[in-house]
Amino acid sequence: MKILLAEDDTRLGELIVHMLKKKGGYLVDWVTDGDSAVEYALASAYDLLILDWMMPGRDGTAVCMELRKKSYMGAILMLTARDSLQDRIEGLDAGADDYLVKPFEIGELLARIRALSRRNFAPIQEEELQIAGMILNRTSQTVTSSSGDSGTVRETVQLSPREFQLLNLLLQNAGVTLTREVILDRIWGLDADVGPKTIDATVKLLRRKLAVFGHEELIQSVRGVGYKIED
């Protein structure tokens, strides 16, 4: 189970990450502000988001509303010291699935996570995704032209695993600029011995393959930041 934690309190964040890994055996990413929470949540498939209500950038409710507006279907658990009925209603109305009031015992947090994990929040991914006259097949990891009448030979290009992961990640987040750091984390992992030049080289190879369909400019460079595909 993969969890994204958004918590700006360093001591509490370190404790939660440690206990989730030790007691639950979960994979955990940790960010400390709401803007990063939105970016990470849209860039990877998390089973659960744990959001602090009060944090820099967007607060927890704003993060919830932004993600739900973008049709994010994953589970969201809100952490907050605000415990009035109206606060609970506000958090749930913003899109949270559960609500845990600070201070809390780690055992209760783990129980809430287990309860949420028994509910099916994961959106179903279609095997094929069509965009710009191309078909991306997630099983065969190929890109095929979708144009042509009966009898017309359609061009098919085989992608490497990294090229496929990169294209799929960008397509899942069409309209969103993904930083090189996020791309590196989602595809190679932050512990991998690669850097921004590896990402740039992979984009270059992918563009060369997409040029077969006349879409070498589909992946746009955002100077000094990263890459995106227009929605």
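Worth pointing out:
- Looking across region 182-197, the residues that are part of a helix (DSSP H, G or I) and surrounded by fewer than 16 Cβ atoms within 10 Å (Cβ to Cβ) come down to 196, 197.
- Taking the criterion of being in contact with a helix residue (DSSP H, G or I) (Cβ under 7 Å, 6 or more places away or on another chain) and more than 14 Å from residue 202 (Cβ to Cβ), the residues of region 160-181 that qualify are 173, 176.
- In region 199-227, the residues that are among the charged types (D, E, K, R) and more than 21 Å from the chain's Cα centre (by Cα): 204, 207, 208, 209, 216, 217, 223
- Test for residue 229: is it at pLDDT 85 or above, on the phi < 0 side of the Ramachandran plot, surrounded by 12 or more Cβ atoms within 10 Å (Cβ to Cβ) and of a type in the set (A, V, I, L, M): yes
- Restricting the first member to region 184-211 and to residues that are in the same structural domain as residue 144 (by TED's automatic domain parsing) and closer than 16 Å to residue 165 by Cα, and the second to residues that are in a loop (DSSP other than H, G, I, E, B) and modelled with pLDDT of 85 or more, the beta-carbon pairs closer than 8 Å and six or more apart or on different chains are 203/219; 206/219; 207/217; 207/218; 207/219; 210/218; 210/219.
- Residues in region 212-231 that are acidic (Asp, Glu) and either in contact (Cβ under 8 Å) with a residue 24 or more places away in the chain or outside any loop (DSSP other than H, G, I, E, B) (or both): 230, 231.
- When we screen 160, 140, 145, 150 for residues that are surrounded by 16 or more Cβ atoms within 10 Å (Cβ to Cβ) and modelled with pLDDT under 85, the only hit is 145.
- Qualifying residue in region 13-24 (condition: part of a strand (DSSP E or B) and in contact with a helix residue (DSSP H, G or I) (Cβ under 9 Å, 6 or more places away or on another chain)): no
- For region 94-117, the criterion of being closer than 29 Å to residue 22 by Cα and modelled with pLDDT under 75 is met by no residue.
The values are calculated or read from the model by the stated rules, or taken from the named source; none is laboratory data. It should be emphasised that the depicted structure is a prediction, and the values quoted were computed from it without experimental measurement. All Cβ positions, even for glycine, are placed from backbone atoms using ideal geometry, and neighbour counts span all protein chains on display.
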